[in-house]
Amino acid sequence: MDIVGKVKGWVGNLADLGVSLLALTIVAELLGLGSVPFMPDGISVIDNVTGVVETLGSSGLVGLLAVWVLWAIWQRK
């Protein structure tokens, strides 16, 4: 059981790192700093996030349900 707890902790830490890198990239793009070293050229995180939000928004109730499920998973980590 201790191994499962360790793996769960690692996965949670990786998810936190991913969210932190995403936030850093969005702030860097908003400030006009261009691409950050860990992102390939030509990829805009803001455009990708906007696309995901538009896709979920156009899905109506199914999109809202998907966001709710993702939020519930994130809160349980």
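Would you mind checking the stretch 51-77 for residues with the amide N under 19 Å from a putative spin-label position 7 Å along Cα→C-beta of Ser20?
Inside the label zone: 74-75, 77.
Which percent of Cα-Cα pairs in the chain sits in each 5 Å bin, short to long?
Per 5 Å bin, starting at zero, the Cα-Cα P(r) for the chain comes out as 3, 13, 16, 17, 17, 16, 12, 5, 1, 0 percent.
Just so you know, all these numbers are worked out from the coordinates, no wet-lab data involved. Small disclaimer: the values here were computed from a predicted structure and weren't measured. A quick note on method: Cβ atoms are made from the backbone with ideal geometry, for glycine too, and the neighbour counts reach across all protein chains shown.
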